[in-house]
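Where a number appears in this text, it was derived from the coordinates with a stated rule and is not lab data. Just so it is clear, the structure is predicted and the values come from calculations on it, not from any experiment. Cβ placement follows ideal geometry from the backbone for every residue including glycine, while neighbour counts extend to all protein chains displayed.
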Amino acid sequence: MKYQQRGGSAPETVSRPETQRTGRRRWQLLQLIAAALAGAVVGAVGMYYVGTIDGALPALDNLLGTQGATRDRAASETRPDKAGREEGAVSGCEEKKRVQLTENQIKQLGIEVAVAQSGRLLRSRTLPGTVVLNTDRLVHIVPRIPGVVREVRKHLGDTVRAGDMLAVIDSRELADAKAAYLAASARLTVAEETLAREKDLWEKKISAAQDYLTAKQALAEARIALRAAQHKLAALGVSEASLHQLASQAASSLTRYEIVAPSAGTVIEKRLTVGEWLKEDTEAFLVADLSTVWVHLQVMPSDLLLIRPGQRVTITAGSSLPEAIGTISYIGPLVAEETRTVVTRVVLPNPDGRWRPGLFVTATVAVGDMAVPLLVPKTALQTLDGQPSVFVQTAEGFEPRPVTLGQSNESHVEITAGLQPGEPYAMTQTFLLKAELGKPKDTDD
């Protein structure tokens, strides 16, 4: 349907659908404008309550009266308090740069304070080693004659002195040797009497000179036979005093053979039992003098130029045993094929027997020393922020000071920068100072 506009020169016709579309556009435009105004109002209100609290509080005071004023004062008091705590935290961090302790606290914590000074840095080599028997004082005891074991007097671990009886055996061979000695002694007596008689007869021209010479020769042979029998018994371990008593002993004692200790020591091995047949080359006992032991060190060929006989060596075997001091007595001439090391011997005193053979030890050999301008023990060092540091004692407390390290050994280190001679520093228990430094500062909520 079309409508004709009245008035005007030219008639204009407008369709209804177009008019409706135009109205909808205007309505959408109005909605957009309204939404924009609403957003602006919400933003203003948000800024009013959130962004500009100082401007909003007076309005709230007008609405809420004294309650608003109280809230304003609370807000104004809260902000400076937060700022104050923040400033306090900063100052606390600065205070934590040092640890303040009283003299009594320092003493209770066991902190030793030393003065930085020069010293001599001992250079050393650390070598592995093993405690072994001193073979120069090791005795292998054999019976020297076969027989049956009758008694065993000493056992493993027993301490013996020189001349102590270890065991007793019955030996037929010993009986034969003693019988030969007694026979030789008797023949010597007869030969001496015969010679004396023949000499008297020869001097009286009663017998011929040949008889006298024959008797003289028989005496010489008897003496030789007796001397041979004595040496044989001595080789079997029969003493000279026992030989003099041999003629008066009972026949049953001829087979008795006593095994005695030739020197003092400790029985570390026993290889015989009662009733056992013992050969003459059987090692019946092993007696060792443990008052000294050897320590065999394994020295690399590259360190041989630094090691020499007579050097002092510190031997350690963990915390269970105290340190011991020995000296190098021998350096092997050969390099072992299995370990490619040279055996070096250290003589170690062992009066109380604490260093037992077979024990693994660590040896520190001093190979020289050098003077350094500033030397501190390693117990004084702590790592802070990835840097080695020393706690220097000042009037305000112990202050960590980064330092630069130089040469060192197992116990001390040279300081090349960061610490001045004459400055006091904490030498021990520095880990307690580090732990105290790392504690957070207490703050009020």
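Within the stretch 213-359, the proportion of Cα pairs with more than 18 Å between them is 74 percent. Peptide packing: for 424-430, 343-349, 134-140, 229-235, the average count of neighbouring Cβ atoms within 10 Å per residue gives the ranking 343-349, 424-430, 229-235, 134-140, highest mean first. With 23 Å as the limit, the listed pairs LYS107/LYS439; LYS178/LYS199; LYS232/LYS270; LYS178/LYS216; LYS154/LYS232; LYS232/LYS279 have LYS178/LYS199; LYS232/LYS270; LYS178/LYS216; LYS154/LYS232 beyond it between alpha carbons. Counting charges near ALA184 (Lys, Arg +1; Asp, Glu -1) among other residues having Cβ under 12 Å from its Cβ returns a value of +4.
Computed 3J(HN,Hα) for the stretch 156-163, one whole-Hz value per residue from the Karplus formula 6.51 cos²θ - 1.76 cosθ + 1.60 where θ = phi - 60°, is 4, x, 6, 8, 10, 10, 4, x, glycine and proline marked x.
Each residue of the stretch 125-132 is assigned a 3J(HN,Hα), and the resulting list reads 10, 9, 10, x, x, 9, 7, 10 Hz, derived from the Karplus form 6.51 cos²θ - 1.76 cosθ + 1.60 (θ = phi - 60°), x at Gly and Pro. Between amide H atoms placed 1.01 Å from N, distances below 5 Å from VAL361 occur with GLY129, THR130, VAL131, all of them 5 or more places distant or on a separate chain. Across the stretch 424-437, computed HN-Hα scalar couplings (Karplus, 6.51 cos²θ - 1.76 cosθ + 1.60, θ = phi - 60°) run x, 9, 6, 9, 9, 6, 6, 5, 5, 5, 5, 5, 5, 5 Hz from first to last residue, x flagging Gly and Pro.
When the Cα gyration tensor is reduced to axis lengths a ≥ b ≥ c, the ratio a/c is 1.5 or higher for the stretch 135-288, and with a/b above b/c it is classed as prolate.
Close amide H pairs (under 5 Å, H built 1.01 Å from N) link GLN407 with GLU414, residues at least 5 positions away or on another chain. For SER207, the amide hydrogen comes within under 5 Å of the amide hydrogens of TRP202, counting only partners 5 or more places away or on other chains and with H modelled in the peptide plane.
Scattering from the C-alpha atoms of the stretch 178-218 alone, worked out with Debye: what is log10 I(q)/I(0) at q = 0.20 1/Å? Result of the Debye calculation: -0.57. Spin-label pair GLU276-ARG197: with each label point 7 Å from Cα along the Cα-Cβ axis, the two points sit 5.3 nm from one another. Ordering ILE169, LEU138, THR214 by the projection of their Cα atoms onto the charge dipole of the stretch 135-288, which places +1 on the Cβ of Lys and Arg and -1 on the Cβ of Asp and Glu, puts THR214 at the extreme positive end. Across the alpha-carbon set of the stretch 160-248, the Rg to Rh ratio works out to 1.19, Rh being the Kirkwood radius.
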